[in-house]
Amino acid sequence: MKLSALIIFFFIIASFSYSIADEKLKIIKVLNDTKNLQFNFEQITSKKTESGKCIIVFPNKLVCYYNNKDKKELIINNRIIAITQKRYNKSFFYPLSKTNFINILSKNELINVIQKGDILINDYINIVFINKEGSKTLIRFDKEDFHLAGWISKDQYNNEIIFKMNIISINQFVDDKIFRLPEKTRQQN
């Protein structure tokens, strides 16, 4: 009796482990087939909600146009992040290496995170990533199509950021000109 219970227990554990590994492999396959994503987003930070449209081109390129009165734009081009408020003609520059974007916008880094990270499944498949400084990020993937669906992280002020994605198109032509950074003669950080 004890032997059969032990066998059933190990079968359940093995099936669960296989299911998690299978989910990760499906995510990695979809990611490897993805060159770019165009999507609408909703970003929630400290009870402030912003929305807009973004385009990711792997590796390390992202542009987001916010639907707000400041005409905010975020551009990532390889190693630099530029946040521009067109209404005020101000741009702020940050190194990509100081953010969790470095682990999301590089396929190699993202695949490494997926392979090593813990997995939590609820409404999404969540990969738990803890960086060198101990900051935790949940990178979310859709349970149906295994595409990137967003992330939950903390900003430099320890505010939680929830970033939700609604994919519009995959692997469409993207003009590289949209990733040109603004002139650095404006304000810098």
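Order Arg87, Arg180 by their accessible area, 1.4 angstrom probe, all chains in place, largest first.
Arg180, Arg87
Structure shown: which of Lys35/Lys90; Lys48/Lys71; Lys90/Lys164; Lys98/Lys184; Lys35/Lys164 lie over 23 Å apart, alpha-carbon to alpha-carbon?
Values: Lys35/Lys90 31 Å; Lys48/Lys71 16 Å; Lys90/Lys164 26 Å; Lys98/Lys184 19 Å; Lys35/Lys164 20 Å.
Pairs exceeding 23 Å: Lys35/Lys90; Lys90/Lys164.
Under a point spin-label approximation (7 Å from Cα along Cα-to-Cβ), what is the Thr45-Asp123 distance to one decimal in nm?
2.1 nm
Using a 1.4 Å probe on the protein chains only, how many percent of the accessible area of segment 52-136 belongs to carbon and sulfur?
Numbers: 2170 of 4600 Å².
With neighbouring chains kept in place, the figure for segment 52-136 is 47 percent.
Send over a whole-number figure in Å² for the accessible area per residue of the chain, probe 1.4 Å. Numbers along the way, then the final one.
Numbers: 11740 Å² over 189 residues.
Here the per-residue accessible area is 62 Å².
Taking the chain as the reference, fit the longest principal axis to its C-alpha atoms, fit the long axis of helix 107-116 to the helix C-alpha atoms, and give the angle between the two in degrees, 0 to 90, nearest 10.
Computed tilt is about 30 degrees.
Can you run phi through the Karplus equation (6.51, -1.76, 1.60; θ = phi - 60°) for segment 37-44 and list ³J(HN,Hα) in whole Hz, with x for Gly and Pro?
The phi angles translate into 9, 10, 7, 8, 9, 10, 10, 10 Hz.
Suppose only helical runs count, i.e. DSSP H with n ≥ 4. What mean residue ellipticity at 222 nm does that imply for the chain under -39500 (n - 2.57) per run, divided by all residues and rounded to the nearest 500 deg cm²/dmol?
Details: 3 runs with 45 residues, N = 189.
Computed ellipticity for the chain at 222 nm equals -8000 deg cm²/dmol.
Residues with amide H under 5 Å of Val174's amide H, sequence separation 5 or more or different chain, H placed in the peptide plane at 1.01 Å from N; which?
Hits under the 5 Å cutoff: none.
The values are calculated or read from the model by the stated rules, or taken from the named source; none is laboratory data. The shown structure was predicted, so the numbers you read here are calculated from the model rather than taken from an experiment. Glycine gets a Cβ as well: all are built from the backbone with ideal geometry, and neighbour counts include every protein chain shown. The accessibility values were calculated without ligands, DNA or RNA, using every heavy atom of the protein model including side chains. Shrake-Rupley method; radii C 1.70, N 1.55, O 1.52, S 1.80 Å.
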